[in-house]
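Some notes on the structure that comes next.
The values are calculated or read from the model by the stated rules, or taken from the named source; none is laboratory data. Please read all numbers here as calculations on a predicted model, not as lab measurements. Note that each Cβ is placed from the backbone with ideal geometry, even for glycine, and that neighbours are counted across all protein chains shown.
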Amino acid sequence: MLELRDVRVSYGGIEVVHGVDLSVGRGEVVGMIGPNGAGKSSILRSICGLLRPSSGRVAFEDRVLTGMAPEQIARLGLALVPEGRHIFKTLTVAENLRLGARQETGAGERTERTLTRFPILRERAGQRADRLSGGEQQQLAIARALLGRPKLLVLDEPSLGLAPKMIDVIYELLGELREEGVTMLLVEQNAARTIDFCDRCLVLSTGRVRAEGSRGELQRDHDVLRAYLGGQP
Amino acid sequence: MSGERFRTRQSAAASLLVPLLLIAITALIGANGTPSLQDTVTAILCNLIIVIGLQVYVGNSGVYSFGQLGFATAGAYVAAFLTLPAAFALLQTPGLPHFVVDAHLGSLSSTLIAAAFSGLLAIVVGLPLMRTSTLAIPISTFAFLIVVYDVVANWDRVTGGSSGLVSIPATTSVESAALWAGAAVILALAYKWSASGYRLQATREDEVAARSIGVGVMRERLIAFGLSGALCGIGGALAVHQSGVLNPATFYFGATVTTMTMLVVGGARSVFGAVIGAIAIATVNELLRGVENGASLLGAISIGEAPGLAAIGLGLILLATMIAMPGGLSGGREAGELTWLQRLGLSAPAPPPRPGAAAAGEPAADRPARGALRAEGISLAFAGLRVLNDVELRLDPGEVLGLIGPNGAGKTTLVNVLSGFQAPDSGTVSLDGVDAIGRSPARLAHDGLGRTFQTALPFPDLSGLENVAVGAMGMGAGRRRALAIAADVLGRLDLLEQARLPAAALPAGSQRLLGIARALAIGPRYLLLDEPAAGLNEAECAQLVAFLRKVPSDFGCGILLIEHDMSIVMPLCSRVQVLDDGRTIRIGTPQEVQADPAVVESYLGSSFLAAVDA
């Protein structure tokens with residue numbers, strides 16, 4: 001479904017991603033982990049068109065994305081839930097969702113279904129989005145992305161800045177989406193949780209893929225994880 | 001590596017010499033040309049000084065001013081008054097005081113007095129104008145420009161009114177204009193690289209973060225506004241002594257648009273940009289004007305008159321630059337920061353300075369080790385929604401106090417109240433026994449309160465090292481000492497190597513650590529950290545814990561730590577305070593808090609208990 005070939009990213013002459021290959025199949029949940037500066041966010045940004053890779057190919061359902069504007073890519077069915085959420089702060093929750101649903105037929109019905117999944121958002125529908133707590137804002141960001149009926153949901157650190165209990169809530173929700181067959185690409189800091197949640201993970205460090213494998217494979221491969229992540233996963 | 005912003009002696013020399021060389025070349029072409037070319041080049045150099053004046057304010061503050069040509073007008077009239085021959089003065093400006101008419105000064109002294117007058121005028125005008133918001137300054141300065149025009153156009157007995165002045169001695173030569181332009185370059189760069197210049201650039205990059213490290217935004221803008229006014233005054237004075245005539249419209253709308261175009265096309269953030277913009281646009285302008293008047297192209301095809309061609313051409317160049325190169329021809333960089341120049345080896349960046357042991361913790365050491373940061377009965381509501389409800393807090397220097405609670409509990413709001421960014425509805429805050437309510441964030445920073453933000457708020461266009469050094473400069477440290485303090489703090493965080501790059505190029509986690517380093521560089525006694533570990537992985541978190549553990553003893557400051565990651569809170573904090581729904585629900589040791597059923601229920605979640613038990 002999503003295919004990256006030898007993608008390189010540079011900022012002002014400094015290459016930070018040195019030829020990364022990555023593929024996500026339909027219905028698959030793929031995670032990217034790795035230390036700060038590994039290039040995870042740069043890769044996500046080049047997938048979503050927020051950044052133009054210096055070379056390499058990004059393709060989504062056999063269409064080349066390189067050079068497309070972010071909004072064109074979004075219309076193809078690739079939805080980003082950005083780090084730090086980026087909801088429309090001064091609009092109400094309902095208005096945020098309406099913007100996510102765009103002007104398509106069936107939008108009302110889909111909004112209704114989404115509100116059933118996120119009961120807290122129904123409760124807060126008339127409130128300004130910046131009055132929501134961090135966890136509620138994250139739910140709003142995910143709900144807004146889902147309303148665009150994405151084929152692929154890209155999540156950049158969905159647990160960032162959330163209370164432990166709220167992280168559990170968000171992951172429960174992502175688990176439900178996985179059961180429904182939503183394809184996801186996920187970047188997280190917490191390696192253990194990500195490996196546990198995803199079907200397959202890539203371990204990145206200093207702009208290269210250092211290891212790749214399924215949950216079982218990576219959990220067996222403790223040396224690799226320790227070498228590139230430094231902790232005790 | 002290329003594209004580094006780490007200024008060394010060598011790159012600084014390149015940044016200084018390249019614009020001086022450009023001015024010298026321009027002057028040489030003019031000096032050896034026909035008298036008409038000499039006049040043209042002299043006018044270009046005078047204009048260049050005004051563009052540099054614009055750069056000093058606009059480039060460093062990031063705020064547009066459309067009033068700087070008003071200071072050029074002021075400088076030009078003052079210089080003209082001081083040098084007009086008595087006979088002409090009697091005819092044209094009968095209302096002038098005698099001591100001015102009788103002054104008969106030379107070009108140097110009249111230019112210096114014009115500079116002083118324009119600079120003072122800018123300070124006086126800036127005092128109220130710089131208090132207005134970032135969005136209001138362009139409009140209020142524009143209004144000033146119109147006021148200046150109206151005054152000189154209507155004060156007939158003194159200024160000669162709208163018909164202007166003639167027979168002013170034409171004393172400005174190519175050489176003297178070039179010397180003044182060179183001096184303007186040196187002055188503008190010296191300011192940009194001074195502690196004051198860095199403080200102003202910090203406000204351009206992020207006003208909130210700048211205030212948190214003690215930078216008074218209005219004060220720094222005023223300093224640059226004054227300096228900019230003086231430089232524009234010099235440009236005006238030299239220009240009037242070149243042409244010998246002056247009228248109220250000489251430095252008005254047209255000149256404002258032209259000089260602003262030069263600055264934007266060249267790249268407002270650098271003095272180098274001002275110089276190449278002024279020279280390039282002036283050259284193109286001269287060529288277009290030649291065509292406008294019906295010149296022949298390459299001697300073969302002759303073109304008829306094309307009125308307005310120069311204006312259209314300049315407009316298109318401005319538009320094309322803003323679309324294709326938003327940073328201008330220079331990319332907003334000084335010559336020594338240009339990648340290709342660094343590649344040529346002309347401006348090789350040197351290794352970063354070694355951390356100086358002397359700088360460590362010095363700012364805190366000379367303060368008495370007593371007092372505390374205290375808040376009592378803090379209540380606050382936003383639009384009827386209670387965010388803080390009778391909250392009490394006490395932070396001693398030397399302790400690490402954890403502040404935890406669900407999202408939306410009011411933790412960040414409490415930090416905003418403590419650091420002066422938000423006034424509470426009721427309650428008191430005291431810093432070492434002195435009432436702190438009503439003090440500005442910048443003032444509180446001077447009183448020893450440092451903070452970070454949930455988002456890193458770096459100064460993106462400054463290098464990592466400069467980001468941190470500005471923290472010390474905000475406290476009044478000179479450049480050299482500030483850089484030593486910054487290198488020391490960054491060395492302890494293992495960030496010195498990365499700090500050579502502009503902050504925008506650093507990964508999110510490093511930007512966050514940079515924010516901590518910047519807050520520490522002000523030498524705080526109390527440091528408020530808002531989720532410092534967000535976006536760090538396990539290994540980086542462990543490193544951060546090891547660093548923060550040493551902060552109370554090494555820097556002599558207490559830490560208030562907002563953090564969701566219990567693996568950071570638990571080992572670091574001696575006490576933990578739990579907020580829920582704007583109230584304190586528990587204060588205790590980490591163990592006590594972790595075992596409290598109410599805290600588990602509202603915040604940690606039952607899966608946390610399961611993990612701890614396992």
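Could you tell me whether B:Leu548 is of a type in the set (A, V, I, L, M), over 16 Å from A:Pro35 (Cα atoms), at pLDDT 90 or above and assigned by TED's automatic domain parsing to the domain that holds B:Ile404? So B:Leu548 fits the description; yes. Considering the range A:195-209, and only residues there that are part of a loop (DSSP other than H, G, I, E, B) and within 11 Å of another protein chain (Cβ to nearest Cβ), the residue that is nearest to B:Gln543 (Cα to Cα) turns out to be A:Thr206. Condition check: over 30 Å from B:Ser602 (Cβ atoms) and polar (S, T, N, Q). Does B:Gln498 satisfy that? Criteria met by B:Gln498.
Note on the range B:20-35: residues that are among the small types (Gly, Ala, Ser), at pLDDT below 95 and either farther than 18 Å from B:Thr171 by Cβ or crowded, with 18+ Cβ neighbours inside 10 Å (or both) amount to 2. If you go through the range A:82-91 one residue at a time, do you hit one that is more than 28 Å from A:Gln189 (Cβ to Cβ) and in contact with a helix residue (DSSP H, G or I) (Cβ under 8 Å, 6 or more places away or on another chain)? Scanning the range A:82-91 turns up at least one residue that is more than 28 Å from A:Gln189 (Cβ to Cβ) and in contact with a helix residue (DSSP H, G or I) (Cβ under 8 Å, 6 or more places away or on another chain). Answer yes or no as to whether A:Ala79 is in contact with a strand residue (DSSP E or B) (Cβ under 7 Å, 6 or more places away or on another chain) and aliphatic (A, V, I, L, M). Criteria met by A:Ala79. Where residues in the range B:373-408 are polar (S, T, N, Q) and in contact (Cβ under 8 Å) with a residue 12 or more places away in the chain, which of them is nearest to the other protein chains (Cβ to nearest Cβ)? Filtering first and then ranking leaves B:Asn389.
Does B:Leu514 qualify as being in contact with a Leu (Cβ under 6 Å, 6 or more places away or on another chain) and more than 9 Å from every other protein chain (Cβ to nearest Cβ)? Criteria not met by B:Leu514. Residue-level check: of (1) under 37 Å from the mean Cα position of the chain (by Cα); (2) in a helix (DSSP H, G or I); (3) assigned by TED's automatic domain parsing to the domain that holds B:Ala372, B:Pro571 misses just (1). Has the range A:76-87 got any residue that is within 14 Å of another protein chain (Cβ to nearest Cβ), surrounded by fewer than 17 Cβ atoms within 10 Å (Cβ to Cβ) and either touching an Asp or Glu at 6+ places or on another chain (Cβ under 9 Å) or at pLDDT 90 or above (or both)? Looking through the range A:76-87, none of the residues is within 14 Å of another protein chain (Cβ to nearest Cβ), surrounded by fewer than 17 Cβ atoms within 10 Å (Cβ to Cβ) and either touching an Asp or Glu at 6+ places or on another chain (Cβ under 9 Å) or at pLDDT 90 or above (or both). Test A:Arg122 against the stated conditions and say whether it is in contact (Cβ under 8 Å) with a residue 24 or more places away in the chain and more than 10 Å from every other protein chain (Cβ to nearest Cβ). Criteria not met by A:Arg122. Being of a type in the set (Lys, Arg), assigned to a loop (DSSP other than H, G, I, E, B), at positive phi and in contact (Cβ under 8 Å) with a residue 60 or more places away in the chain, is that true of even one residue in the range A:133-149? Yes, some residue in the range A:133-149 is of a type in the set (Lys, Arg), assigned to a loop (DSSP other than H, G, I, E, B), at positive phi and in contact (Cβ under 8 Å) with a residue 60 or more places away in the chain. Residue count for the range B:490-504, restricted to those that are without any contact (Cβ under 8 Å) to a residue 40 or more places away in the chain and not in a loop (DSSP other than H, G, I, E, B): 1.
Is it the case, given these coordinates, that A:Pro35 is within 14 Å of chain B (Cβ to nearest Cβ), surrounded by 18 or more Cβ atoms within 10 Å (Cβ to Cβ) and within 24 Å of A:Cys201 (Cβ to Cβ)? So A:Pro35 fits the description; yes.
With within 24 Å of A:Val17 (Cβ to Cβ) and in a helix (DSSP H, G or I) as the only criterion, which of A:Glu217, A:Glu172, A:Glu212 stands out?
After ruling out the rest, the residue left standing is A:Glu217.
Apart from one condition, A:Ala59 fits all of (1) buried (at least 18 other Cβ atoms within 10 Å of the Cβ); (2) assigned to a strand (DSSP E or B); the exception is (1). For A:Arg131, the conditions (1) facing chain B (nearest Cβ under 9 Å); (2) closer than 21 Å to B:Gly605 by Cβ are fulfilled apart from (2). Of all residues in the range B:132-164, exactly one satisfies the criterion of being of a type in the set (Phe, Trp, Tyr) and part of a loop (DSSP other than H, G, I, E, B), namely B:Trp155. If you go through the range A:11-32 and keep only what is within 14 Å of chain B (Cβ to nearest Cβ) and surrounded by fewer than 18 Cβ atoms within 10 Å (Cβ to Cβ), you end up with A:Tyr11, A:Gly12, A:Gly13, A:Ile14, A:Glu15. Taking the criterion of being closer than 16 Å to A:Ile87 by Cα and not in a loop (DSSP other than H, G, I, E, B), the residues of the range A:154-168 that qualify are A:Val154, A:Leu155, A:Asp156. Which ones in the range A:175-194 are surrounded by fewer than 19 Cβ atoms within 10 Å (Cβ to Cβ), of a type in the set (A, V, I, L, M, F, W, C) and within 11 Å of chain B (Cβ to nearest Cβ)? Result: A:Ala192, single match. If the condition is being more than 13 Å from chain A (Cβ to nearest Cβ) and either assigned to a helix (DSSP H, G or I) or under 24 Å from the mean Cα position of the chain (by Cα) (or both), then the range B:517-545 contributes B:Ala517, B:Arg518, B:Ala519, B:Leu520, B:Ala521, B:Ile522, B:Gly523, B:Pro524.
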